[in-house]
Amino acid sequence: MELVTTHICKTSDLGIHSNMFGGELISLIDLSSGAYASQICDTPRMVTLKISELLFNKPIKVGNIIKIYCKVLSFGKTSIKLNVELRKHNVYTGEQEIAMSCEIIFVRIDEEGNSIPISKRVKDRYSSRLERFGKGLLCMEEREIEEK
């Protein structure tokens, strides 16, 4: 899994029970994983098709640091399926607990909103990066190799 983003829970994120509001968590997950899918697929035109069952395992409180991780589970002709984990990060120990998890499917679209294929080049590059660098996103090691 790759770290996609980090967020600190603020008072404005809370629901009526003093936990981070579920809608805020869903929004953060959708936004973060959508950005990850866009980077993997080389396009800003990715739309959410489906979010699987959301499991809220741990409450998030004000001041908690949360980290969102993603991993590509599979590519379809026009889609990418991700495993997403939102983890509570303990700044004192470095330990993390999964607070929420789900699977999300994004679809690549054109300017008219019609689904279009994700290229074989994108899929092959993801597999190659994962094999060589342990990450699907462009990383510094890859950039250094390209610059030589």
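Where a number appears in this text, it was derived from the coordinates with a stated rule and is not lab data. Quick caveat, the model's predicted, so the values are computed rather than measured. Cβ sites come from the backbone with ideal geometry, for glycine too, and all protein chains shown count toward neighbours.
Observations on the structure shown:
- Among 93, 43, 6, the order by Cβ neighbours within 10 angstrom, fewest to most, reads 93, 6, 43.
- Sites matching GluC sites (Glu not before Pro) across the stretch 83-116 that sit in DSSP coil, with at most 10 neighbouring C-beta atoms within 10 Å: 95, 111, 112
- Estimated at 0.36 nm per residue, the fully extended path between residue 6 and residue 112 surpasses their Cα-Cα distance by 34.9 nm.
- Tail weight of P(r) past 20 Å, computed on alpha-carbon pairs of the stretch 2-117, percent: 42
- Ordering 120, 58 by the number of other Cβ atoms within 10 Å of each residue's own Cβ, fewest first, gives 120, 58.
- Two-decimal ratio, the stretch 29-69, of alpha-carbon radius of gyration to 2.2 N^0.38 Å: 1.44
- Added length on full extension, which subtracts the Cα-Cα distance from 0.36 nm per residue, residue 57 to residue 71: 3.1 nm
- The stretch 3-94: chymotrypsin sites (Phe, Trp or Tyr not before Pro) falling in loop per DSSP and having at most 14 other Cβ within 10 Å: 92
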